[in-house]
Amino acid sequence: MAGQRVLTVDLPGHGKSEGPGLQSVSDDVRHLVAFLKAVGVYKAVIVGHDLGGAVALKMAVEHPRRVAGIALLASGARLPIASAQLEAAANPSTYPTIVKNMQEAAFSADTGARPRALLARVLAETRPTVFYGDLLACDRFDASADLFKVRVPTLILCGTEDRFTPLSYSEALSTGIRGAALQTIDGAGHMLMLEQPRRVAALLALFVQTIPFPTEL
């Protein structure tokens, strides 16, 4: 994203952010608004993957004046999690298995070892309670009735091999959000930004250039 100011946000309990993880998209949105205020950014293009996409979507609905545009990567208006997966993630004895299974399913079959190793490291550094909270936040999220409220430029990206948030999720977003642009990433799975980073970055850069006023990403 050369030429853009990029702020990568670790939500509470993730990455370098301390504290307990949050368990709802609404709480994540409040945290993001507080973050933007703290760093002195009034309006930005919000780019989110999966749960992050849900946060970006809800930001556009609830805080439109702070949002110059949104990019939703491998996300959806709903992000349901199977009850068996939730139960497995909450149980210490089955937690490692569910994480391993999800890790393996997150990529297309042709993805190399480096992206897989990166995701494995991130998941290993994430506390089980935080990971479980993320799954709960996804399962509780439902913005399907609010898509018509999104009035900011919207880019939707989805890998054609995504098994977690399949193309139908992105198609529903593009149908419900007026003027949204949908781009598919051929051969990519759920972790499209790790599998094809240059392609994703190029599409994001082009999207930002179409927004007709100064923005920060």
Legend entry - Tally, over region 13-36, of residues that are touching a Pro at 6+ places or on another chain (Cβ under 9 Å), under 17 Å from Leu79 (Cβ atoms) and not charged (D, E, K, R): 2
Inset, instruction - State the number of residues belonging to region 154-192 that are in a helix (DSSP H, G or I), over 13 Å from the mean Cα position of the chain (by Cα) and of a type in the set (A, V, I, L, M, F, W, C). - result: 3
Inset, instruction - Kindly list, by first and then second residue, each pair from a residue in region 101-129 that is exposed (fewer than 12 other Cβ atoms within 10 Å of the Cβ) to a residue that is acidic (Asp, Glu), limited to pairs with Cβ atoms under 9 Å and residues at least 6 apart or on different chains. - result: Ala109/Glu161; Asp110/Glu161; Asp110/Glu195; Gly112/Glu195
Inset, instruction - Inspect all residues belonging to region 145-152 and state whether any of them is surrounded by fewer than 16 Cβ atoms within 10 Å (Cβ to Cβ), in contact with a Phe, Trp or Tyr (Cβ under 8 Å, 6 or more places away or on another chain) and not in a helix (DSSP H, G or I). - result: no
Legend entry - Residues satisfying the stated conditions in region 173-186, i.e. over 12 Å from Leu72 (Cα atoms), surrounded by 16 or more Cβ atoms within 10 Å (Cβ to Cβ) and small (Gly, Ala, Ser): Gly176
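The rows are residues; the columns are (1) more than 14 Å from Arg151 (Cα to Cα); (2) surrounded by fewer than 18 Cβ atoms within 10 Å (Cβ to Cβ); (3) in contact with a Lys or Arg (Cβ under 7 Å, 6 or more places away or on another chain).
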residue: Ala56; (1), (2), (3): no, no, no
residue: Leu73; (1), (2), (3): yes, no, no
residue: Ala84; (1), (2), (3): yes, yes, no
residue: Ala88; (1), (2), (3): yes, no, no
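From the list Asp186, Asp146, Asp162, exactly one residue is free of Cβ contacts under 8 Å to residues at least 40 places away in the same chain and among the acidic types (Asp, Glu). Which is it?
On the way: Asp146 fails: free of Cβ contacts under 8 Å to residues at least 40 places away in the same chain; Asp162 fails: free of Cβ contacts under 8 Å to residues at least 40 places away in the same chain.
Sole residue among the options that is free of Cβ contacts under 8 Å to residues at least 40 places away in the same chain and among the acidic types (Asp, Glu): Asp186.
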Legend entry - Counted residues, region 168-194 - those being closer than 20 Å to Val6 by Cα and out of contact with any strand residue (DSSP E or B) (no Cβ under 7 Å at 6 or more places or on another chain): 2
Inset, instruction - Assess whether Leu11 counts as being more than 19 Å from Arg163 (Cβ to Cβ), touching a Gly at 6+ places or on another chain (Cβ under 7 Å) and part of a loop (DSSP other than H, G, I, E, B). - result: no
Inset, instruction - Please indicate, with yes or no, whether at least one residue in region 92-107 is within 28 Å of Gly69 (Cβ to Cβ) and not charged (D, E, K, R). - result: yes
Inset, instruction - Scan region 29-58 and report the pairs whose first residue is at positive phi and in contact (Cβ under 8 Å) with a residue 40 or more places away in the chain and whose second residue is buried (at least 21 other Cβ atoms within 10 Å of the Cβ) and not in a helix (DSSP H, G or I), with Cβ atoms within less than 8 Å and a gap of 6+ or a chain change. - result: Asp50/Leu73; Asp50/Ala74; Asp50/Ser75; Asp50/Leu79; Asp50/Thr165; Asp50/His190
Inset, instruction - Run Asp27 past the list (1) in a loop (DSSP other than H, G, I, E, B); (2) of a type in the set (Asp, Glu); (3) under 23 Å from Pro80 (Cβ atoms) and report the number of the one that doesn't hold. - result: (1)
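No value in this document is a laboratory result; all are computed from the given coordinates. Fair warning: this is a prediction, and the values are worked out from it, not measured in the lab. Methodologically, a virtual Cβ is constructed for each residue, glycine included, from the backbone with ideal geometry; neighbour enumeration extends over all protein chains shown.
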